[in-house]
1. Can you name the helices (runs of 4 or more DSSP H) wholly within region 1-53 that have at least 3 residues being of a type in the set (A, V, I, L, M, F, W, C) and surrounded by 18 or more Cβ atoms within 10 Å (Cβ to Cβ)?
2. For R127, indicate whether it is crowded, with 23+ Cβ neighbours inside 10 Å and in contact (Cβ under 8 Å) with a residue 24 or more places away in the chain.
3. Any idea how many residues of region 414-435 are assigned to a strand (DSSP E or B) and either touching a helix residue (DSSP H, G or I) at 6+ places or on another chain (Cβ under 9 Å) or at pLDDT 95 or above (or both)?
4. Among the candidates A369, A358, A377, which residue alone is in contact with a helix residue (DSSP H, G or I) (Cβ under 9 Å, 6 or more places away or on another chain) and modelled with pLDDT under 90?
5. Quick check on region 315-329. Is at least one of its residues of a type in the set (V, I, T) and at pLDDT 95 or above?
6. What tally of residues in region 68-105 results from selecting those that are at pLDDT 95 or above, in contact with a Phe, Trp or Tyr (Cβ under 8 Å, 6 or more places away or on another chain) and assigned to a loop (DSSP other than H, G, I, E, B)?
7. Within region 383-413, take every residue that is more than 19 Å from N340 (Cβ to Cβ) and part of a loop (DSSP other than H, G, I, E, B) and give me the one that is nearest to the chain's Cα centre (by Cα).
8. So which helices (runs of 4 or more DSSP H) stay within region 160-224 end to end and still have 2 or more residues that are at pLDDT below 95, under 24 Å from the mean Cα position of the chain (by Cα) and not hydrophobic (A, V, I, L, M, F, W, C)?
Amino acid sequence: MTEAYWNKKIETASRDELRKHQLKLLKNQVKYCYSNSEFYRNKFKAAGITPDDIKTLDDTQKIPFTSKFDLRDNYPFGMVTVPLVDIVEIHASSGTTGNPVVGAYTTNDMDVWAELMARSLYATGVRKEDVMHNAYGYGLFTGGLGFHYGAQKIGTTVLPISGGMTQRQIKLMKDFGSTVLCCTPSYAIYLAEAMAQEGIAPGKDLKIRMGLFGAEPWSERIRERIEEKLQIEAFDIYGLTELCGPGVSVECSEHKGLHIWEDHFLIETIDPKTGEVLPAGEEGELVFTTLTKTGLPILRFRTRDISVIEADRCECGRSHSRMMRVRGRSDDMMIIRGVNVFPSQIEYVIMGFPELAAQYQIILERPDALDVFTIKAEMTEQTSKKNQEELGVLKLKIKQKINNITGLSPIIDLVKPGNLPRTEGKAKRVLDMRSGKI
């Protein structure tokens, strides 16, 4: 049964075959949305187009964008395209900045989601014989259940641990012989720290051999830290509540980008300022169109995620386009003293210093007319024993490195190990207090 999740015919199809398949699905999806969604019908009329105007994949550019604000403005069910009695499961974002974004699933949508997650897990090497330690949150968040459904479809044993009780998680990981770890990258770092405190050597005392990490941007240097501390192979996985949850794209063993399952999603890259579509290979904002969703389909959704798309065939044999690691979000970009800065640029510097741990915070304040830019970074135990002169030299090196990348000179505050808050979910790296909110 597990071989079903290496779908060689579709995963290695030629680009021409894949694009023909996408066009057929796109035309059907556009007609479906026009017929069943007042929201999209109004969008099309305002743009002066009908479904008949979509004759090629390039014609997708005629369709107006859909944004997170559209979903929030139509909360909760204004964009659902089937009778509510046909919705069998509902997920939602946290909604910390207003109405949550709702994901509504039909039976067909649940089947597709489970198949995409099974395909994603299988692509990384997860098999029936594995024991998956699933530390993603269960509930309205799509993470926990998405991994759960995919693993069950393969036949993998699932431990639905969810978040919290870190020491207990480590005990169960050891007792149950877990081989696959699934959680946010920041929680993986937290687990590694807790294991070290308890004297557990992952490569010796545990059976964990690999991990799938997502739900927040993370860098190659974070991957190196995770792989070193946990003695595993780390894979990146990507998804959004608006699209289906996790399972939109995933890394294969080549680790040269995340394969987007293009038989279910149409991908574009745009200039985030102008909305102009960019050619493959240029960095921009990712835009997705769902091709097979029936409960709450989305046309040209602006993710705000910044990445690069490569369309050449991967060495693993798959032909589906690959998105490079998300560098950040266009709406997460900080403007500091008139300079555009992504948190990922700061993380790149911090992770390059072995004297520093993986925990850091960016603090932005404006007590007077000018921005005050502070970076708090945890030292390793060994670094914390250095004298003030040595720490002063380290601070200067960090500041110079950040200045070389951003042109800014932040205040560097080195703090003792364990001084910064940990999280069992998504890490909060930026505290922007200039507008009065933390």
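1. Per the criteria, 15-36.
2. no
3. So the answer is 3.
4. Of A369, A358, A377, the one residue that is in contact with a helix residue (DSSP H, G or I) (Cβ under 9 Å, 6 or more places away or on another chain) and modelled with pLDDT under 90 is A358.
5. Within region 315-329, none of the residues are of a type in the set (V, I, T) and at pLDDT 95 or above.
6. 6
7. The residue in question is K386.
8. Hits in region 160-224: 185-197.
The values are calculated or read from the model by the stated rules, or taken from the named source; none is laboratory data. None of these values were measured; they are calculated from a predicted model. Cβ atoms come from the backbone with ideal geometry, glycine included; neighbour counts cover every protein chain shown.
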